[in-house]
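**Q** My questions will all concern the structure given below.
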């Protein structure tokens, strides 16, 4: 007998995928041939049709992928609603430009960035400084410590409110920031692997080897993803130069308010540029504009913008 089921891809490893069907059954299957190509390949988070042929060995295949809300290169996920971006107050100190690249990618894909600052017990002052940057932009921001429990109840409440009825979120962060430790603290039943920080390079080894979605009690999904060290705008096309101002909310709000229509917000003075004026007046954090300008230079230098 041949029949179909609908569900969500929650795990993939070695060419096999685990699909959580709408009726609660978990199916282990392969993808149809045309869904293995890079441009059409199955992603974790995809909602899919699975065709089951009881009369055929290995007769369970992903036969179709539903239209996606969005998809990301790193982490390789589809249909995200939230990205919880984890950075540490200390050990390792955050690379703010990398955090800002992630928020820009999220904004471009209509995904809500949520900032989680860990290890507040190591440097509470630095944690609050970082938090103020992202609160000023309007991103949901939490200061936490897995050692003391600071901020964890607030995150639990937020997750319980937003991750319902199929809403999906990913946790992403550089190695060693305490991402898996925080997830274990919030959801002890996940039992995610963690590792110690290397004293020499102040980075943790990658402890998450693959992307996996975990079902939550409210009907939402939570993803753990491998740590990252680089979001490479030179090699990958996350978005275009024209898209860049729209990916920074504080700059997007000032588009069209400069003296010149084609203002790039990268070197103009406060008299001509509304963004430069906002930085000078303390309305936009300087680090955010530095990240924007660095991305502008990278995208400008790419082929087609020389």
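**Q** For the stretch 30-45, does any single residue satisfy the condition of being exposed (fewer than 13 other Cβ atoms within 10 Å of the Cβ), in a strand (DSSP E or B) and either modelled with pLDDT under 95 or in the same structural domain as residue 290 (by TED's automatic domain parsing) (or both)?
**A** No, the stretch 30-45 contains no residue that is exposed (fewer than 13 other Cβ atoms within 10 Å of the Cβ), in a strand (DSSP E or B) and either modelled with pLDDT under 95 or in the same structural domain as residue 290 (by TED's automatic domain parsing) (or both).
Residue-wise test of (1) out of contact with any helix residue (DSSP H, G or I) (no Cβ under 6 Å at 6 or more places or on another chain); (2) outside the structural domain of residue 16 (by TED's automatic domain parsing); (3) closer than 28 Å to residue 299 by Cβ.
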site: 76; (1), (2), (3): yes, yes, yes
site: 93; (1), (2), (3): yes, yes, yes
site: 97; (1), (2), (3): no, yes, yes
site: 101; (1), (2), (3): yes, yes, yes
site: 105; (1), (2), (3): yes, yes, yes
site: 108; (1), (2), (3): no, yes, yes
site: 120; (1), (2), (3): no, yes, no
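**Q** Now, a different point. Taking the residues in the stretch 218-259 that are assigned to a strand (DSSP E or B) and surrounded by fewer than 19 Cβ atoms within 10 Å (Cβ to Cβ) as candidates, determine which candidate is modelled with the highest pLDDT.
**A** 219
**Q** Scanning the stretch 1-29 for residues that are assigned to a loop (DSSP other than H, G, I, E, B) and in contact (Cβ under 8 Å) with a residue 12 or more places away in the chain, which turns out farthest from residue 70 (Cα to Cα)?
**A** For the stretch 1-29, the residue satisfying everything is 1.
**Q** Can you tell me which of 48, 42, 86 is without any contact (Cβ under 8 Å) to a residue 40 or more places away in the chain and closer than 29 Å to residue 107 by Cα?
**A** The match here is 42.
**Q** Something else about it: Name, by its number, the condition in (1) assigned by TED's automatic domain parsing to the domain that holds residue 181; (2) more than 27 Å from residue 291 (Cα to Cα); (3) buried (at least 17 other Cβ atoms within 10 Å of the Cβ) that does not hold for residue 61.
**A** In the conditions (1) assigned by TED's automatic domain parsing to the domain that holds residue 181; (2) more than 27 Å from residue 291 (Cα to Cα); (3) buried (at least 17 other Cβ atoms within 10 Å of the Cβ), residue 61 misses (1) alone.
**Q** Next question. Kindly check whether there is at least one residue in the stretch 139-149 that is buried (at least 16 other Cβ atoms within 10 Å of the Cβ), assigned to a loop (DSSP other than H, G, I, E, B), at pLDDT 90 or above and under 18 Å from the mean Cα position of the chain (by Cα).
**A** Yes, the stretch 139-149 contains at least one residue that is buried (at least 16 other Cβ atoms within 10 Å of the Cβ), assigned to a loop (DSSP other than H, G, I, E, B), at pLDDT 90 or above and under 18 Å from the mean Cα position of the chain (by Cα).
The values are calculated or read from the model by the stated rules, or taken from the named source; none is laboratory data. Predicted model only: the values in this text are computed from it and were never measured. Quick reminder, even Gly has a Cβ in these numbers, built from the backbone with ideal geometry, and neighbours come from all protein chains shown.
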